[in-house]
Structure formats: C-alpha cells, structure tokens
Ligand code: UDX
C-alpha cells in the first residue's frame with residue numbers, strides 16, 4: 001500500500017487527507033503553519049466542517065493519519081504526494097501559483113525515488129506541465145534523475161458537505177499521460193473504484209479544464225435563475241415554480257436553481273474570474289462567464305437596494321441580519337453576499353444586529369471597518385428584538401424553524417426580507433409581515 005503525503009491542510013487538503021486515511025491509506029498531512037499542525041495533532045480542527053472531526057480523530061488514533069511541518073520527510077517517505085495548497089486570486093483575478101510552485105520546488109529538492117505528484121488545487125490549464133518542469137529543474141540542479149509523474153485530479157467538494165462529497169463523489173477525474181501513475185491512482189482511490197464511482201481518465205489539460213468549466217457553469221446556472229427571479233418579481237410570476245418546472249426537464253435538472261442574494265465562497269468567485277482571464281489571455285473570451293461575474297455582483301447590490309426601496313430612508317433604522325456565511329454549515333464568509341449587503345445598508349445609515357450560528361468570529365475581522373455599526377447577538381431573537389426589519393441571508397436550518405409569531409411580536413416594524421426564499425409570501429403576509437423574497 002502506498003504512503004501518501006498531502007501538502008496543504010486547508011479545506012481540500014484536510015478533507016482529502018482525512019478521507020484517504022479513512023479509506024485505509026497511510027497519510028501524512030503537511031503544512032508550514034506550525035500552530036495549525038500542532039492544533040491538528042491535538043485534535044483541534046481549524047475549519048468548521050460537519051463530519052470531519054470524527055474522521056480526523058479516528059484515523060489519528062489508529063495512526064493512519066499524522067501531521068507534520070517537515071515536508072522533506074514527507075516527500076522522502078511517500079510515493080504519492082498531493083498538492084492541495086491555495087491558489088488565491090491576484091489583483092487581475094488570475095490564480096496565484098506561488099504556493100503550488102513552492103511545493104513543486106520542495107518536492108524536487110527532496111525526492112529520492114519515483115513519485116506521483118497529484119494536483120488537487122484548482123490550477124489554470126497548463127499547471128501540471130509547469131509543476132513537472134519545476135521538479136525536473138530541481139532534480140537537474142541536484143544532479144539526480146528520478147522519474148516523476150504529475151496527475152491532475154481536481155476536487156469537487158462543497159463546503160458543509162465536503163466529507164460526503166469526498167466519500168461519494170459523482171466522478172473522479174484523473175488527468176495523466178502515464179499509465180503507471182493512473183494505476184497507482186486507482187489504488188489510492190480503490191474504495192471509490194470498488195464502489196462503482198465513475199472514473200474519468202484523460203490528459204492533464206482536460207482534467208484541469210473540467211474543474212473550471214464545471215464551477216463556472218454552476219455559477220452561471222445560479223446567476224441565470226437569479227436574473228429570471230428578478231424578472232418574475234416584476235411580472236407576477238413565481239420563480240420557485242418556474243425553477244421546479246424547468247428542473248423537471250432532465251436536461252436542465254433541479255440542482256443549483258435556487259435564487260438568492262448571489263453566489264459567494266472560495267471557489268465560484270475565484271474560478272469564474274480565473275476562467276475569464278484564461279479566455280482573454282488566449283484570445284477566446286468566455287463572454288457568458290464575463291457577464292456571470294458582473295451579474296452576480298449586481299445581484300448582491302440589487303438585494304441591498306431592495307431593502308432600501310421597500311423601507312425607504314435607512315438612516316437610523318436597525319436591521320436584524322440572520323446569516324453571514326456564504327452558505328449554511330460553514331463559518332466561511334469569503335465573498336459572502338452579506339459583506340456587500342451589510343456595507344451598503346450601513347453606508348445608508350442603518351445599524352445592524354447580526355447573528356450567524358458559525359461565522360461570528362470571522363465576521364468580526366472581515367467586517368472590522370464597519371464593526372462599530374454592528375452588534376453581534378447571541379441568537380436570532382436577540383437580533384430581531386426591537387429591530388425595524390429582519391433580513392435572512394443564509395439558509396441555516398434554524399432560520400427555517402423561526403417562531404414566526406415571536407418574530408412578529410419582537411419586531412418594531414414587520415419588514416421581513418427572505419433572500420433565500422425559505423418562507424412563502426402568502427403565509428407571511430397572513431401573519432402581517434411586509435414580506436420580500438427573491439422572485440416570489
Ligand atoms: C462549490 C462547488 O459546488 C464545488 O463543486 C467546488 O469544488 C467548490 O465550489 P461551495 O463553494 O462549497 O462549492 O458551495 P456551493 O454549495 O456550490 O454554493 C456556492 C454558492 O452558490 C453559495 O453562495 C450558495 O449560496 C450559492 N447557491 C448555490 C445559490 O445561490 N443557489 C443554488 O441553487 C446553489
């Protein structure tokens with residue numbers, strides 16, 4: 001059985017490392033963040049991800065999963081090395097590859113025999129080739145000549161359901177020009193292979209493109225239903241029913257047709273912009289995605305403006321904000337619509353009472369420039385108490401079970417902005433709310 005190193009213990013790296021160890025593989029997770037590694041050794045998980053903690057705990061206990069800052073040892077000991085470090089956007093929106101490149105150099109500096117390098121990070125098309133070149137350059141400098149294969153194996157996990165997505169993916173994409181590396185990958189993912197999860201074998205460039213094309217397509221699908229929702233609202237149509245009617249067509253599918261305040265997170269915003277950049281760079285602009293990026297920005301603004309349009313002057317108004325994370329079951333606020341919406345209403349003179357079940361700490365530093373206008377509350381009812389209106393921005397389960405009568409009693413004014421369409425307009429109006437959804 002091959003020993004596996006996973007370099008980078010962010011979302012993708014940690015879930016991959018923990019998941020593979022749970023498949024029975026021997027995994028070393030590597031990170032240069034000493035504190036993170038020490039915490040992980042002590043069972044402290046740096047991210048909020050349902051189901052991850054017990055897997056880490058179980059496999060650490062059985063010593064199938066270990067943590068280190070020593071990349072040299074990890075490279076020497078392991079046959080298969082996953083690169084799962086961040087590829088943050090640069091000022092122009094293209095992916096910054098400096099962490100990926102650094103890991104490639106570290107591998108070249110330390111490898112001592114044949115290795116399979118697996119790219120899990122979302123990287124521009126052509127990166128696998130670059131990784132190979134960087135490794136081979138280092139080997140040449142050292143005067144040694146070990147064979148190396150680079151595999152592109154994009155990850156499609158969603159925050160909040162990452163463990164499930166890793167263990168039961170819709171497909172495993174393996175991009176490689178080496179049959180030997182493909183066979184090794186089949187063994188690494190043996191559990192999935194045996195469970196009839198479809199494996200797609202292709203070349204590196206195609207695998208890299210599948211990830212961008214998939215994410216951008218989903219972002220476009222969300223944006224499409226958001227724009228249809230805005231139009232429905234004007235025309236008296238109900239977007240929920242429109243989406244249901246569309247989704248029954250198997251060619252469309254009902255997934256990712258929920259309108260809302262715009263997509264956020266660590267992937268869609270970054271990957272759409274990176275794809276737009278690739279298109280421009282190679283002279284084939286991906287215009288649908290260029291427009292998707294613009295329309296999504298607009299959607300966040302439209303929602304903020306909707307509050308102002310319905311309530312009038314926001315000066316001195318107190319608003320209860322339920323949900324800050326970009327989606328439920330995560331503390332992640334990267335590119336969350338809440339950031340744009342809160343900044344807008346605060347600029348217009350509103351004060352905010354906010355509650356999110358997981359991202360209160362993250363909010364305090366992400367919104368540090370407007371923190372003096374935000375009161376962070378202990379629960380939804382404290383936020384709602386004596387507020388002029390309530391705005392739901394994230395569809396956490398507990399916000400689906402609000403005590404509506406209590407909400408009505410606590411609110412100073414019955415404005416209810418449900419930007420995740422959790423409730424039904426007619427029911428809410430019958431309770432006396434001035435209700436606004438998205439496309440209802
Ligand atoms: C996404 C992809 O789904 C995943 O395959 C990829 O690996 C990483 O990016 P993630 O960012 O974790 O995953 O979240 P996802 O559940 O896809 O939601 C992304 C954003 O779209 C969220 O802001 C969510 O609220 C929004 N969304 C999603 C909608 O507004 N409507 C929908 O119907 C679906």
Kirkwood Rh, Cα atoms: Rg over Rh of the stretch 217-436: 0.98
Antiparallel %, DSSP beta bridges [both residues in the chain], to 5: 5 percent
Residue-span extension gain [residue 145 to residue 44] - 0.36 nm each, minus C-alpha spacing: 32.4 nm
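Remind me, relative contact order of the chain in percent, using alpha carbon pairs under 8 angstrom and six or more residues apart?
Numbers: 862 pairs, mean separation 50.4, N = 440.
With pairs under 8 Å counted, the relative contact order is 11 percent.
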Most to least packed among 267-273, 373-379 [average Cβ atoms within 10 Å]: 267-273, 373-379
Nearest 10 degrees, 0 to 90: helix 337-347 Cα axis against the chain principal axis: 40 degrees
Order by protection proxy (mean Cβ within 10 Å, highest first), peptides 342-349, 297-304: 297-304, 342-349
C-alpha long axis of helix 179-188 to longest principal axis of the chain, angle in °: 60 degrees
Mean residue ellipticity (222 nm) of the chain, computed from DSSP H runs ≥ 4 via -39,500 (n - 2.57), nearest 500: -14000 deg cm²/dmol
Cα pair count fraction exceeding 22 Å, expressed as % - the stretch 118-200: 35 percent
Global geometry of the stretch 210-326, whether rounded, prolate or oblate, following the gyration tensor of its Cα atoms and the 1.5 cut on a/c: oblate
P(r) of the chain over all Cα-Cα pairs, binned every 10 Å from zero, in whole percent: 4, 20, 27, 24, 16, 7, 2, 0
Additional length obtainable on full extension of the chain from residue 130 to residue 196, 0.36 nm per residue less Cα span: 20.5 nm
Projected label distance in nm at residue 178 and residue 369, using a 7 Å step from Cα toward the beta-carbon: 4.7 nm
For the stretch 32-189, the fraction of alpha-carbon pairs in successive 5 Å shells from zero, as %: 2, 8, 15, 18, 21, 18, 12, 5, 1, 0
Computed lengthening from residue 382 to residue 429, 0.36 nm per intervening residue step minus Cα-Cα distance: 14.6 nm
Radius of gyration and maximum dimension Dmax of the stretch 194-266, Cα, Å: 15.9, 51
Distance (nanometres) between label positions extended 7 Å along Cα→Cβ at residue 234 and residue 308: 1.9 nm
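So, by mean Cβ neighbours within 10 angstrom, what's the order for 169-176, 243-250 with the highest one leading?
Numbers: 169-176: 19.1, 243-250: 12.9.
The densest-packed peptide leads the list: 169-176, 243-250.
Bear in mind these aren't lab numbers, they're just calculated from the coordinates by the rules spelled out. The structure displayed is predicted, hence computed values, not measured ones. Here Cβ is always computed from backbone atoms with ideal geometry, including for glycine, and neighbour counts include all displayed protein chains.
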